[in-house]
Each structure stands twice: as C-alpha cells, then as structure tokens.
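Peer 1: I'd like to ask you about the structure that follows.
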Amino acid sequence: MIKGDRMRILLVDDEEELVSTLAERLFFRNIKADWVTSPDDALELAKNNRYDLALLDVKMPKINGFELKKKLTEQHPNMKFIFLTGHGLDKDYPIDISEAEVFNYLAKPCNIDNLIKTITNVLSSNKG
Amino acid sequence: MSKYNIISESGLEFFGLISASVSHDIKNILAIINEKAGLIDDFILMSEKGSPLNPERIKIIIENITKQVQRANGIVNNINKFAHSVDNYVKIVELNEILNLVIKLSSRLIAMRNVNLEIRHTEEMVNIRTSPFFLKNLIWLCLDFALNAAGSSKTIGINAIRLEKTAKIQFNQLDNLTNVSMTFPTEKETALLNILHADLTTDQQAKELLITLPGDINSLV
C-alpha cells in the first residue's frame, strides 16, 4: 500500500447482506472494500483491481476459501488474506496451515475492531 | 461390525453432519445481524458528531434484521422437527414432508456441491408408517450419492409416489450414474434398507435411483 492511500480490500462471502454491510462499515473506517458473493466474481474483479488484502469465507459453493486464495495468489503474489469461518472445526483448516496463518482466521460473528486489528496485523507482517 | 452398530454409527454421523451445517447457517445469520446492528451504531455515532440520521435507512436495516430473525426461526424449527424424529420409533409420516425437511436441512451441503435440486410434488399425500429417523438417514445417504451422480447437467429431480401397498422415492436425471454406482449401496445403506424393510434399485438406462418402502412397516415385522 502506498502511504496516504486508502487501504483496499476485497470481501468474498456468499451472504450478500453480510459483505455489503461490512463493506459500508469499513468505508466509514477509511478502508475501501469491494464485495462479491462468488469466487468467480472475486477472480474477475481481482483481474482489474489492486487489493492489499482479501477477506474470504472458508465455505463457499463451487470452490472454498483456500482454493480461492491459491487462485488469487497466482494473480497477485503479494496479496494478503484473512479467512472468515462459521465454526472452528479442525477439518475446516488445510493440513499444511502454519501456526502464523491460524491467526488470520476470524470466527463469525466478528467484532469490527478485531477485524481491523487483524487486517492491520496481517498487512504489517510478511505472512498471510 | 453388526447391522445395529452400522446403523448407530450412521445415525450419529448424520446427526452430526446436519447439526454442523445448521450451526454454520445460524452463525451466518448472527454475523449479518451483528453487522446490521453495528451499522446502526455507526450511524448513531456519526449523528452525535453532526451527520443527520436518515430514518428511512434505519427502517430498511431494521426490516432486514427482522428478515434474518425469521430466517433463523425457520432453520431452528426445522432442526427441532429433525430432533423430534427420534421420539417415535415408528409412526405415520408424509413422504413429501420428509423429503422437504431433509432437503432444507441439507441445503448448505447441497449448495456446496453446486447441484440444482428439483422437487416434484404430486398433489396426493404419500403417507406411510415407518421409522422417521432411519428413513431421513437413508434419504440423505441416497441424496448424497445422487449429488455425485448428477453429471454435467448439475440438476437432479426427486419425487415421492404412493402405490397400492408401497411408496417410492425416485431420484432422477442421474447422468453420471454408471460411473459412480460401483460401490453403492454401501453397508450403511444396506443396513438401513434392511431395518426399513425397503429396497433400493438403480436403473442406468433411465438414470434413476429408486427406494421402495412398505406402506406399513408394522405389517412386515
């Protein structure tokens, strides 16, 4: 992110009311968030836009959040990621997840201050 | 493993799967309500700093929260009906109602598979006396199989038919049936079919799977 720029993030979740409201609340906090409800739309949007970070729902129809992360990373190797999950079941996590990456998970419903803290932490780290 | 152990294990797995899926749905609804409430809070904070509060906007947000509460209520009603499936070992059930409930409870699991489900209701009620929980478990296992057999059209049809002494549940448009039917039915479906006195057949030409249930399970015991 260039200093002074408004942070840009991409929100992907099949619950439209969730991502649209979250985007509006983030905007009030000086974060520009685009939102989509399908992985295909996310890939399309990411083709022509630069995002500092993507917030991905773990469980989505067609492809899950981890598969989407792989595809988005192919397009934008420097993009950072946070995962939103409905529950903390072990099988929701990929086997090869590192300890650092576990901290990039947020359980629904999440507090917006925690979300912003996580976004800041992930963007200031080299991981994610 | 004995037939009863297989059925117990399958039943617990089924209960766990449905509970996890439903809890995921409810978490999503709670997340929406949380954000909507947070948005109202944001507007109030901004109004305290001088931005005018827009009552129309607040009204729309509240209407949406009400919709989400109704959505959650529908889900809780369905899981409650499901939980009561084990109250009676045998009772009279309406097959269309049972199919609807299994499909609603597994809607997220179905959506994950990216398959459209067409439920074809007949006007006639299809009442049978059977074991409600075991039947729901068998329907889910067959539906799970049918989703794998959907083929490229990604659409399957389901319907219930009442015959003279039996009733049938039909899963059709299974374009990929030939490729996936080698290992089906497994010991789980076989044990459930046995306890329900039911039969399962697949017709590769018609691309369909058929469960045949007795009209009254008690008449066979």
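The values are calculated or read from the model by the stated rules, or taken from the named source; none is laboratory data. Remember, it's a predicted structure, so these values are computed and weren't measured experimentally. Glycine gets a Cβ as well: all are built from the backbone with ideal geometry, and neighbour counts include every protein chain shown. Heavy atoms of the whole protein, side chains included, go into the accessibility calculation; ligands, DNA and RNA do not. Shrake-Rupley method; radii C 1.70, N 1.55, O 1.52, S 1.80 Å.
Peer 1: In chain B, once you exclude exposed trypsin sites (Lys or Arg not before Pro) (DSSP loop, at most 10 other Cβ within 10 angstrom), what's the longest stretch remaining?
Peer 2: The segment B:50-164 is the longest one with no such site.
Peer 1: Is there a pair in A:Lys70/B:Lys136; A:Lys117/B:Lys104; A:Lys117/B:Lys27 whose C-alpha atoms are over 32 Å apart, and which pairs would that be?
Peer 2: Over 32 Å Cα-Cα: A:Lys70/B:Lys136; A:Lys117/B:Lys104.
Peer 1: Binning at 10 Å from 0, report for the range B:3-85 what percent of all alpha-carbon pair distances ends up in each bin.
Peer 2: 16, 31, 22, 16, 10, 5, 1, 0
Peer 1: Which residues belonging to the range B:110-126 lose at least 30 Å² of 1.4 Å-probe accessible area when the assembly is complete, relative to their chain isolated?
Peer 2: For the range B:110-126, once contacts with the other chains are taken into account, B:Met112, B:Asn114 lose 30 Å² or more.
Peer 1: Okay, next question. Can you give the alpha-carbon Rg of the protein assembly as shown over 2.2 N^0.38 Å, where N counts its residues?
Peer 2: Taking N as the residue count of the protein assembly as shown, the ratio is 1.18.
Peer 1: With every protein chain kept in the model, how would you rank A:His76, B:His24, B:His121 by accessible area, 1.4 Å probe, largest at the top?
Peer 2: B:His121, A:His76, B:His24
Peer 1: Using a 1.4 Å probe on protein heavy atoms only, how many Å² of accessible area do B and A hide from each other, summed over both chains and rounded to 100?
Peer 2: Chains B and A together bury roughly 2100 Å² of accessible area.
Peer 1: Can you work out the FRET efficiency for the pair B:Arg71 and B:His121, with r the C-beta to C-beta distance and R0 = 25 Å, to the nearest 0.05?
Peer 2: Rounded to the nearest 0.05, the efficiency is 0.65.
Peer 1: For B:Ser107 and B:Arg162, FRET efficiency with R0 = 30 Å and r from the beta-carbon atoms, rounded to 0.05?
Peer 2: Given R0 = 30 Å and the Cβ-Cβ separation, E is 0.70.
Peer 1: Using a probe of 1.4 angstrom, how much of the accessible area of the protein assembly as shown is carbon and sulfur, in percent?
Peer 2: 52
Peer 1: Step through the table entries A:Lys62/B:Lys207; A:Lys59/B:Lys154; A:Lys80/A:Lys108, compare each Cα-Cα distance with 22 Å, and write down the pairs that go over it.
Peer 2: With Cα atoms farther than 22 Å apart: A:Lys62/B:Lys207.
Peer 1: Next question. What does the charge add up to near B:Phe133, with Lys and Arg as +1, Asp and Glu as -1, over the other residues with Cβ less than 12 Å from its Cβ?
Peer 2: +2
Peer 1: In addition: Mind giving me the FRET efficiency for B:Leu12 and B:Lys154? R0 is 30 Å, r the Cβ-Cβ distance, nearest 0.05 is fine.
Peer 2: About 0.50, to the nearest 0.05.
Peer 1: Same structure again: What accessible area per residue comes out for chain B, rounded to a whole number of Å², with a 1.4 Å probe?
Peer 2: Accessible area per residue: 51 Å².
Peer 1: Within a Cβ distance under 14 Å of B:Leu200, other residues only, what is the Lys/Arg minus Asp/Glu net charge?
Peer 2: Net charge in that neighbourhood comes out at -4.
Peer 1: Compute the distance from the alpha-carbon center of the range A:6-80 to that of the range B:17-90, in whole Å.
Peer 2: Comparing the Cα centres of the range A:6-80 and the range B:17-90, I get a distance of 22 Å.
Peer 1: Which helices, taking whole DSSP H runs in chain B, have alpha carbons extending 27 angstrom or more along the helix axis plus mean Kyte-Doolittle at least -0.5?
Peer 2: B:3-48, B:55-83
Peer 1: Given the whole protein assembly as supplied and a 1.4 Å probe, what does the accessible area of B:Ile29 come to in Å², nearest 10?
Peer 2: For B:Ile29, the solvent-accessible surface is approximately 0 Å².
Peer 1: Pick from B:Pro55, B:Pro185, B:Pro132: which is most flexible by mean-square fluctuation in a GNM of chain B where alpha carbon atoms under 10 Å apart are linked?
Peer 2: Comparing B:Pro55, B:Pro185, B:Pro132 in a Gaussian network model of chain B, the most mobile one is B:Pro55.
Peer 1: Further question on the same structure: Report, as a whole number in µm² per second, the diffusion coefficient that Stokes-Einstein gives for chain B at 37 °C and 0.692 mPa s using the Kirkwood radius over alpha carbon pairs.
Peer 2: Value of D from the Cα-based Kirkwood radius: 168 µm²/s.
Peer 1: Just add up the charged neighbours of B:Arg113: K/R +1, D/E -1, any other residue whose Cβ is under 15 Å from the Cβ of B:Arg113.
Peer 2: -1
Peer 1: Please list B:Val69, A:Val36 from largest to smallest accessible area, probe radius 1.4 Å, with all protein chains kept in place.
Peer 2: B:Val69, A:Val36
Peer 1: Could you work out the relative contact order of the range B:3-85? I mean the mean sequence separation of Cα pairs under 8 Å and 6+ apart, divided by the number of residues, in percent.
Peer 2: Computed value for the range B:3-85: 39 percent relative contact order.
Peer 1: Add -39500 (n - 2.57) for each DSSP H run of 4 or more in the protein assembly as shown, then divide by its residues: what number comes out at 222 nm, to the nearest 500 deg cm²/dmol?
Peer 2: -16000 deg cm²/dmol
Peer 1: Now for a separate question. Quick check on the range A:8-123: what does the Kirkwood estimate of hydrodynamic radius come out to from the alpha carbon pairs, in Å?
Peer 2: Result for the range A:8-123 stands at 14.1 Å.
Peer 1: Here's a follow-up. So, taking all protein chains as they sit and a 1.4 Å probe, how much accessible area belongs to B:Thr166, in Å² rounded to tens?
Peer 2: Only protein atoms counted, so the area is about 40 Å².
Peer 1: List the GluC sites (Glu not before Pro) within the range B:123-221 that DSSP assigns to loop and that have no more than 11 neighbouring Cβ atoms inside 10 Å.
Peer 2: For GluC sites (Glu not before Pro) across the range B:123-221 that sit outside H, G, I, E and B with at most 11 neighbouring Cβ atoms in 10 Å, the list reads B:Glu123, B:Glu124, B:Glu164.
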